[in-house]
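The structure under discussion appears below in the form of C-alpha cells.
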Amino acid sequence: MKLTVYTRLPDQDYTASLSNSVHLACTDESGGYQPLNRNYGLLFAVATVDENNVIHEKGLKNPYLFRTPGGAFGIIAVRVDALGEDDEESKGQLLLWTSPDLITFDDQGLVPLDKERYVQEAVCGFDKTSGLYEIRWQDNGGNWYVNRLADLRKPDLISPPEPAELVAVERPAQPLPGTRPGNEITVDYAVGHRVQRAWTPVHNTGIRVAEQASIRSADELTTLRATALYSDGSTADKPVAWDTDGIDFTVPGTYTVHGKVVTHDLPFPLASGYADPVILPWNGRYYFLATNDNAGDIGIYVRVADTLQGLFAPGFQEAVILDQNEELNFIQTFWAPEFHLIGGELYILFAVGGTVWGPQCHLMKLKQGGDIMNAADWSTPVRVKQMDGTPLTEDGITLDMTYFKADDTSCVVWSYRKGIGTPLDTGSMLYIATVNEADPAVLTSEPVLLSRPLLGWENVQGTINNEGPYPLITAETVYIAYSGGAATGYTYAVGWLSISRGGDYLDAGAWSKASTPALSYYSLEGIYGPGHNSFFQDVDGTVLILYHGEEQLVKHGTRCSAMHRVHFNSEGKPLLDVANERDVHPDYADCVIQVTVQSI
C-alpha cells in the first residue's frame with residue numbers, strides 16, 4: 001500500500017486557509033489514491049503572534065512524508081504566509097511533525113536550516129552510515145543544500161547547510177485532481193490499513209439482535225434492544241420499535257416479531273433562526289435555549305416539552321424569561337444562553353450588551369422551587385467578575401461562558417476578544433478559571449489562556465475565532481468542544497481540546513488541541529457551518545450533540561439548530577460525525593426476533 005501527502009488547490013469553497021495544509025491519501029485495491037479525512041486538511045501551520053498580540057496566519061506548501069529507522073513517521077513542509085507566498089518570518093525554516101502511526105502527531109516546531117535563503121522544497125531521510133537524518137532542500141534559486149540532524153525532537157541542534165546535489169522527489173504517477181502533490185511512500189498493508197481506517201469516517205456495518213427472547217408483557221418487549229456494529233469495531237445499543245400487532249400477551253406462545261431500529265436523528269433544520277442551542281433534561285421534561293436570530297438576538301427564549309420531538313413540533317411552548325431592560329442596560333446581543341447545574345442550583349450563563357455594543361458574560365439563578373418558564377422566578381442577572389471584583393475585562397468583549405466540574409474542581413471557560421474590527425484585533429480566545437460553586441459569578445483563580453485561533457481552519461473567511469466552548473466529560477478525559485471559523489458562514493467547525501482526568505485544568509500546556517476539526521462542512525451532507533455546540537443526555541442516557549448549521553453554502557444564511565447522537569469509537573473517544581446513514585444504515589434498520597410470551 002502507498003501513502004502520499006499533498007496540499008490542495010484553493011477554490012471558491014475550499015479557501016487558501018484550508019487548502020494550504022497537509023492532506024493524506026492512500027491507495028485502494030485498484031492502486032489509485034483515495035483521499036483520507038474527507039480530503040480535508042490534517043495538519044495546519046501555526047500562526048505567529050506579534051508584539052501587539054495580533055495573529056498572523058500561516059500556511060504551508062510542499063509537504064514531504066518519511067519513515068524513521070524505528071518505523072515511525074515524520075512530515076516536513078515549507079511554511080508560507082496566509083496567501084501561500086514566501087514568508088519573511090519563515091525564511092530558511094521548515095515545519096516538522098513526528099508521528100508513531102500517522103494518527104497522532106507531535107508538532108516539533110520549526111527546523112532552522114539557513115538564515116539567508118527561502119526554502120522552496122525539502123526532503124528528509126535517515127543515513128544509516130552516519131546515523132543522522134539528512135534534510136536536503138532547494139532554495140528559490142534552484143540550489144540544493146543539506147543539513148544533518150541526530151534527533152528529530154531537537155531541531156535546534158541541526159548542522160549548518162552544505163551544498164548538495166539535486167534530489168528528485170518521488171511523486172505519485174497519478175496524483176489526485178485539484179492537488180499539489182507531495183511525495184509518496186510504500187508501507188506494509190497492516191500499517192496502511194490502520195491509517196486508512198483512522199481517517200475514514202466510521203459507518204454502520206450491520207445490526208445485531210438476539211435470535212429469541214422470553215417476555216411476559218409488551219413493556220418487556222420494548223426493552224429488547226439492538227446492537228449497531230461499526231466499521232472501526234465499535235458498537236452502540238439502539239432501541240427498536242417493535243410491531244406488536246398480532247401478539248396476545250395474555251396467551252403464552254411463540255411469535256415472529258418485526259421491528260425497526262430507532263435513531264436519534266431529528267430532521268435538519270430543527271429550529272430555523274435558533275443558534276448556539278442547548279437542551280436541559282429537567283424533572284422529566286426537556287427545555288431548549290438558543291440565541292434567537294429571529295428576534296434580532298434580543299431576549300432569552302425558553303421552550304419546554306415532554307419529548308425532544310415536542311420541542312420542535314408545531315405549536316411548541318415558548319416563553320421569554322429575560323427581555324430588553326434599559327434600567328439594567330440589557331439592550332442587545334443576548335447571546336449563547338446555557339443551562340448549568342452548579343452546586344445543586346440551576347443557572348443560565350449568557351452574554352448581553354448595553355446601549356454601546358459590547359457583550360459581556362452574565363449569569364442568573366433559578367429561585368428555589370421556581371418555574372424555568374416564569375421570568376419572575378429567575379434572579380436578577382449579574383456580570384461575572386474576576387477575583388478582585390473587577391469585570392472579566394475592561395477593554396474587550398466576553399461571551400460564550402460554559403461550566404464544568406471534574407474531580408471536585410469547578411471551572412468556567414469563556415471567549416475573550418480585544419480590538420475587534422481594528423488593526424489590533426486579537427481574535428477571540430478561550431480562557432479558563434476556577435470558581436466556587438456557592439458563588440460562580442466570581443472567579444477563584446486568575447484567567448488562563450487556553451486556546452486561540454492559530455490554525456488555518458480556525459482563522460478563515462475573514463474570521464479569527466475560538467468560541468462556543470462546551471464540556472464533555474468521560475471517565476478518563478475532559479473534552480472541551482469549541483468552534484472556529486466563520487460563525488455565520490459555511491466554514492464554521494467544531495474542534496477538540498482535551499486533558500486527562502485528574503490533571504491540572506489551569507495548566508494550558510497539559511491540554512491537547514486536535515489539529516483538524518471534529519465536525520465541519522465536509523462532515524454531514526446538507527449541513528454547512530456546523531458549530532457552537534452543546535451536549536446532553538436523553539432519558540435513555542444517550543449522549544447527543546446539539547449545534548447550529550446552515551442549509552446552503554452561503555456566507556450569511558439562516559442559522560438553524562441540528563442534533564444527532566455522539567458515537568464513541570473502539571477506543572472510547574467521542575466522534576461527532578456519525579449521523580444519518582453512518583449511524584444506522586437503512587439497509588440494516590429492519591430486524592426480526594422470535595419471542596416467547598410466557599404466562600404471568
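The values are calculated or read from the model by the stated rules, or taken from the named source; none is laboratory data. Note that the coordinates shown come from a computational prediction; the quantities given were computed from them, not determined experimentally. Don't worry about glycine lacking a Cβ; one is built from the backbone with ideal geometry, like all the others, and counts go over all protein chains shown.
With respect to (1) part of a loop (DSSP other than H, G, I, E, B); (2) surrounded by 14 or more Cβ atoms within 10 Å (Cβ to Cβ); (3) at pLDDT 95 or above; (4) more than 34 Å from the chain's Cα centre (by Cα), the lone exception for Val169 is condition (3).
When restricted to residues that are more than 24 Å from Ser500 (Cβ to Cβ) and more than 21 Å from the chain's Cα centre (by Cα), the stretch 399-435 contains 9. Being in the same structural domain as Asp439 (by TED's automatic domain parsing), buried (at least 20 other Cβ atoms within 10 Å of the Cβ), among the hydroxyl-bearing types (Ser, Thr, Tyr) and in contact with a His (Cβ under 6 Å, 6 or more places away or on another chain) is a description that does not apply to Tyr301. For the criterion of being surrounded by fewer than 21 Cβ atoms within 10 Å (Cβ to Cβ), of a type in the set (Asp, Glu) and under 30 Å from Arg417 (Cα atoms), Glu29 fails. Would you check which residues across the stretch 218-255 are among the β-branched types (Val, Ile, Thr) and out of contact with any helix residue (DSSP H, G or I) (no Cβ under 9 Å at 6 or more places or on another chain) and list them? Thr222, Thr223, Thr227, Thr235, Thr250, Val251, Thr254, listed by residue number.
Just for the stretch 431-455: of the residues that are hydroxyl-bearing (Ser, Thr, Tyr) and assigned to a strand (DSSP E or B), which one is surrounded by the fewest Cβ atoms within 10 Å (Cβ to Cβ)? First the steps, then the outcome.
First pass over the stretch 431-455, keeping only residues hydroxyl-bearing (Ser, Thr, Tyr): 431, 434, 444-445, 451.
Subset that is assigned to a strand (DSSP E or B): 431, 434, 451.
Values: Tyr431: 24, Thr434: 17, Ser451: 24.
Filtering first and then ranking leaves Thr434.
Restricting to the stretch 537-586, name every residue that is basic (Lys, Arg), under 26 Å from Ala198 (Cα atoms) and not in a strand (DSSP E or B). Passing the criteria: Lys573, Arg582. Taking the stretch 381-415 as the range and being surrounded by fewer than 17 Cβ atoms within 10 Å (Cβ to Cβ), hydroxyl-bearing (Ser, Thr, Tyr) and either without any contact (Cβ under 8 Å) to a residue 40 or more places away in the chain or not in a strand (DSSP E or B) (or both) as the test, only Thr390 passes. Listed by position, the strands (runs of 3 or more DSSP E) contained in the stretch 189-280 that have at least 3 residues being surrounded by 17 or more Cβ atoms within 10 Å (Cβ to Cβ) and either in contact (Cβ under 8 Å) with a residue 12 or more places away in the chain or more than 24 Å from the chain's Cα centre (by Cα) (or both) are 226-230, 253-261. Being assigned to a loop (DSSP other than H, G, I, E, B), in the same structural domain as His258 (by TED's automatic domain parsing) and modelled with pLDDT under 95 is a condition met by no residue of the stretch 173-180. If you go through the stretch 481-522 one residue at a time, how many are among the β-branched types (Val, Ile, Thr) and more than 19 Å from Trp335 (Cα to Cα)? Within the stretch 481-522, residues that are among the β-branched types (Val, Ile, Thr) and more than 19 Å from Trp335 (Cα to Cα) number 3.
Summed over the stretch 456-497, residues that are small (Gly, Ala, Ser) and surrounded by fewer than 23 Cβ atoms within 10 Å (Cβ to Cβ) total 5. Does Gly495 fit the bill of being modelled with pLDDT of 95 or more and either assigned to a loop (DSSP other than H, G, I, E, B) or outside the structural domain of Tyr403 (by TED's automatic domain parsing) (or both)? No.
Exactly one residue out of Gly92, Gly74 is out of contact with any Gly (no Cβ under 7 Å at 6 or more places or on another chain) and closer than 30 Å to Val202 by Cβ: that is Gly74. Checking Leu3, Leu9, Leu94, Leu60 one by one, the residue that is in contact with a Cys (Cβ under 6 Å, 6 or more places away or on another chain) and in contact (Cβ under 8 Å) with a residue 12 or more places away in the chain is Leu3 and no other. The residue that is surrounded by the most Cβ atoms within 10 Å (Cβ to Cβ), among those in the stretch 281-298 that are in a loop (DSSP other than H, G, I, E, B) and of a type outside the set (Asp, Glu), is Ile298.
Report whether or not Asp86 is assigned by TED's automatic domain parsing to the domain that holds Glu184, closer than 24 Å to Gly495 by Cα and either in contact with a strand residue (DSSP E or B) (Cβ under 9 Å, 6 or more places away or on another chain) or surrounded by fewer than 21 Cβ atoms within 10 Å (Cβ to Cβ) (or both). Against the criterion (assigned by TED's automatic domain parsing to the domain that holds Glu184, closer than 24 Å to Gly495 by Cα and either in contact with a strand residue (DSSP E or B) (Cβ under 9 Å, 6 or more places away or on another chain) or surrounded by fewer than 21 Cβ atoms within 10 Å (Cβ to Cβ) (or both)), Asp86 does not qualify.
Looking at Val46, is it crowded, with 21+ Cβ neighbours inside 10 Å, among the aliphatic types (A, V, I, L, M) and in contact (Cβ under 8 Å) with a residue 24 or more places away in the chain? Spelling it out, it is not the case that Val46 is crowded, with 21+ Cβ neighbours inside 10 Å, among the aliphatic types (A, V, I, L, M) and in contact (Cβ under 8 Å) with a residue 24 or more places away in the chain.
Residues that are under 14 Å from Val597 (Cβ atoms) and of a type in the set (A, V, I, L, M, F, W, C) within the stretch 228-249 comprise Trp242, Ile247, Phe249, listed in sequence order.
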